[in-house]
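The values are calculated or read from the model by the stated rules, or taken from the named source; none is laboratory data. All figures in this text were calculated on a predicted structure; none of them were measured in a lab. Backbone-built Cβ (ideal geometry, glycine too); neighbour counts: all protein chains shown. Ligands, DNA and RNA are stripped out before the accessible areas are found, and what is left, the full protein with its side chains, is counted by its heavy atoms. Shrake-Rupley method; radii C 1.70, N 1.55, O 1.52, S 1.80 Å.
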Amino acid sequence: MEDTVLHQLIERANELLRQVGVGILHEEQLAVALDLTVPAFREIFGSKAGLLRLTTQQNLQRQRQEHDELFANLATPVECLLALLHHSLQELRSSPHYDYQVLREQYPESWGLIQEHLYVYSFPLLTRLLQEGIQEGQFRADLEPGMITHIMMALMNLIMNEAYFPPDHVNQADIYRSMFAPYVRGLCTVEGLRLVALHFERI
């Protein structure tokens, strides 16, 4: 199969999963939604788990590209951190039924890709932005960047913990905003807050 066609199939599958969730659809429904026979679906993806692995990889790659595009238009570390916050919030709002708990429990390979992304990509990025922001006087000088990043990673995992926030009863995007917006605001100096006042208004 041509790479372009495969990419289009993965994009269509990704959009469907973001709309209805990971747990509801089985292989036969996914095949129909992608205009494939079940044998063709299994030949291309192997299984639903294989499809989820590919959609997760493509989704994470898209997010990194969108981050790069955001940063290209921003001048300061504090603005970049707020842009990341806003971007993640929009991701959650656009996929309110994604079922991260199903991914964690039933599709460990895809869940592992997300965890790898958080700790191999997001962790160093957040730490760097905090370090640079402290140096430029936008974040408080008494902060320890690595510790703050650990806390932010822990908050992200807490949001996805259905024992505390059952997805059938709470909106993950609302929880994310309630946790991160005041926390990040508290990291900022007066100068940092001045630079990102408009960014906070968008959240």
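I'm checking my understanding of the structure. Among residues of the range 37-61 that are β-branched (Val, Ile, Thr) and surrounded by 16 or more Cβ atoms within 10 Å (Cβ to Cβ), which one is nearest to Arg12 (Cα to Cα)?
Checked the range 37-61; the qualifying residue nearest to Arg12 (Cα to Cα) is Thr55.
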Scan the range 138-187 for residues that are farther than 26 Å from Gly21 by Cα and charged (D, E, K, R) and jot them down. Arg140, Asp142, Glu144, Arg185
Flagged in the range 70-100 as farther than 22 Å from Pro182 by Cβ and open to solvent by less than 30 Å² (accessible area, probe 1.4 Å), in numbering order, are Ser95, Tyr98
Quick check, is Glu28 open to solvent by 60 Å² or more (accessible area, probe 1.4 Å), farther than 29 Å from Phe123 by Cα and in a helix (DSSP H, G or I)? yes
List every residue pair whose Cβ atoms lie under 8 Å apart, where the two residues are 6 or more positions apart in sequence or sit on different chains, the first residue falls within the range 114-131 and is in a helix (DSSP H, G or I), and the second residue, located anywhere, is of a type in the set (D, E, K, R) and surrounded by fewer than 16 Cβ atoms within 10 Å (Cβ to Cβ). Tyr121/Arg64
Looking at the structure I just gave you, is Arg64 at pLDDT 95 or above and either open to solvent by 40 Å² or more (accessible area, probe 1.4 Å) or aromatic (Phe, Trp, Tyr) (or both)? yes
Looking at the range 162-180, which of its residues are within 21 Å of Glu105 (Cβ to Cβ), free of Cβ contacts under 8 Å to residues at least 24 places away in the same chain and open to solvent by 40 Å² or more (accessible area, probe 1.4 Å)? Ala163, Tyr164, Phe165, Pro166, Asp168, His169, Val170
Hey, can you tell me all the residues within the range 102-113 that are in a helix (DSSP H, G or I) and open to solvent by 30 Å² or more (accessible area, probe 1.4 Å)? Arg104, Glu105, Gln106, Pro108, Glu109, Trp111, Gly112, Leu113
Long-range neighbours under 6 Å by Cβ, at least six apart or interchain, first residue under 15 Å from Asp35 (Cα atoms) within the range 1-20, second assigned to a helix (DSSP H, G or I) and open to solvent by less than 50 Å² (accessible area, probe 1.4 Å): Ile10/Leu54; Ile10/Thr55; Ile10/Gln58; Ala13/Leu51; Ala13/Thr55; Asn14/Thr55; Asn14/Asn59; Leu16/Ala33
Can you tell me which of (1) modelled with pLDDT under 95; (2) open to solvent by 50 Å² or more (accessible area, probe 1.4 Å); (3) under 16 Å from the mean Cα position of the chain (by Cα) is the one Ile159 doesn't meet? (2)
The range 151-167: number of residues that are among the acidic types (Asp, Glu) and either part of a helix (DSSP H, G or I) or closer than 27 Å to Pro124 by Cβ (or both): 0
